[in-house]
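Input: a single structure, listed below in structure tokens.
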Amino acid sequence: MHELDDPARVDALRRLIRSKPALERWYLECYAKYAACVARCPPHGDVLELGSGAGFLEEVMPAAVTSDVLPYAGVDRVVDAAQLPFADASLRAILMLNVLHHLADVEAFFREAQRTLVPGGRVFLVDQYLGWISTPILRWLHHEPCDPGAERWSFDTRGPLSGANGALAWIVFERDRARFEQRFPALRIAAYAPHTPLRYFLAGGLKRWSLLPGAAFPLASALDLALARASPRWCSFVDVELVRI
């Protein structure tokens, strides 16, 4: 087993996230976007987070069902995104943070999202984006594979976390957007919003180090916002919101 795919790592990762004030606040920003998305959904159906991993959504949205493909302690359910164990039209929202690029068969997930979401239900995902800053980091400095030239949306994998294509969100929703809209007409792209040029990387992500103290987070946020407004190509992450029609 690759170290990244060991579910015993979860407690250490949770402590790491909570020990970094800037990273913790970035997670809280993402969870606030989750909540805003759920507010736009129909009132009936469950809210599911895929790939909950070491996050702490249960503290912010206790009614949400947390899940992961690995049997992490504290996660409500073990769920494979390609085979969702939910009835047709039973979910009002599917939420994902840094998960899409780990899905070896992303088309299977989209089919399952179409099946399980109620009409008007939504997918909200935050994932990596290929910008001027992030592309060299993801391609040459990051431990996960990143192949923006991949012809297929799928990839071979030996493990749920060690396997990845960090360019997948950009490939599906930007480079191949017309292909996505043709194959999944029941999932309308309601938003595609690049953001966060620097803060996540300065906070060190899930590495042990951080260059961004909590006190400097507001200043870093202002810089990120200014860069994102100047050009989306500065951005390193993207929010994608899909609506089941």
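Nothing in this text is a laboratory measurement; each read-out follows from the coordinates by a stated rule. Since this is a predicted model, take the numbers as computed values, not measurements. Here the Cβ positions follow ideal geometry from the backbone for every residue, glycine too, while neighbour counts run over all protein chains shown.
Tabulated data for the structure shown
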item: Sole exception among (1) within 19 Å of Ala193 (Cβ to Cβ); (2) surrounded by fewer than 21 Cβ atoms within 10 Å (Cβ to Cβ); (3) touching a residue at least 40 places away in the same chain (Cβ under 8 Å) for Tyr34, by number; result: (2)
item: Filtered residues of the range 41-59 (kept if surrounded by fewer than 20 Cβ atoms within 10 Å (Cβ to Cβ) and assigned to a strand (DSSP E or B)); result: Asp46
item: Check on Arg175, farther than 12 Å from Gln128 by Cβ and over 17 Å from the mean Cα position of the chain (by Cα); result: yes
item: Positions within the range 85-96 being touching a strand residue (DSSP E or B) at 6+ places or on another chain (Cβ under 8 Å) and of a type outside the set (Ser, Thr, Tyr), in sequence order; result: Pro85, Phe86, Ala89, Leu91, Arg92, Ala93, Ile94, Leu95, Met96
item: Hits in the range 105-144 (condition: buried (at least 18 other Cβ atoms within 10 Å of the Cβ) and in contact with a Gly (Cβ under 7 Å, 6 or more places away or on another chain)); result: Val118, Gly121, Gln128, Leu138
item: Selection count, the range 108-148, where residues are farther than 29 Å from Gly204 by Cβ, of a type in the set (Val, Ile, Thr) and within 18 Å of the chain's Cα centre (by Cα); result: 0
item: Whichever residue in the range 172-190 is among the aliphatic types (A, V, I, L, M) and out of contact with any helix residue (DSSP H, G or I) (no Cβ under 9 Å at 6 or more places or on another chain) and, among such residues, is nearest to Leu16 (Cα to Cα); result: Ala190
item: Residues (outside any loop (DSSP other than H, G, I, E, B) and among the aromatic types (Phe, Trp, Tyr)) located in the range 129-188; result: Trp140, Trp170, Phe173, Phe180
item: Of all residues making up the range 216-233, the number that are within 17 Å of Glu24 (Cβ to Cβ) and surrounded by 12 or more Cβ atoms within 10 Å (Cβ to Cβ); result: 5
item: Which listed residue, of Pro218, Pro213, Pro232, Pro197, is of a type outside the set (A, V, I, L, M, F, W, C), touching a Leu at 6+ places or on another chain (Cβ under 6 Å) and more than 28 Å from Leu117 (Cα to Cα); result: Pro197
item: Selection from the range 92-110 of residues that are touching a residue at least 60 places away in the same chain (Cβ under 8 Å) and assigned to a helix (DSSP H, G or I); result: Leu100, His101, His102, Val106, Glu107, Phe110
item: Verdict on Asp6 being crowded, with 16+ Cβ neighbours inside 10 Å and either over 18 Å from the mean Cα position of the chain (by Cα) or not basic (Lys, Arg) (or both); result: no
item: Qualifying positions in the range 76-91 - among the polar types (S, T, N, Q) and not in a loop (DSSP other than H, G, I, E, B); result: Gln83
item: Filtered residues of the range 63-73 (kept if part of a loop (DSSP other than H, G, I, E, B) and under 19 Å from the mean Cα position of the chain (by Cα)); result: Ala64, Val69, Leu70, Pro71, Tyr72
item: Test: residue in the range 208-225 that is in a helix (DSSP H, G or I), over 30 Å from Gly120 (Cα atoms), in contact with a Ser or Thr (Cβ under 9 Å, 6 or more places away or on another chain) and of a type in the set (A, V, I, L, M); result: no
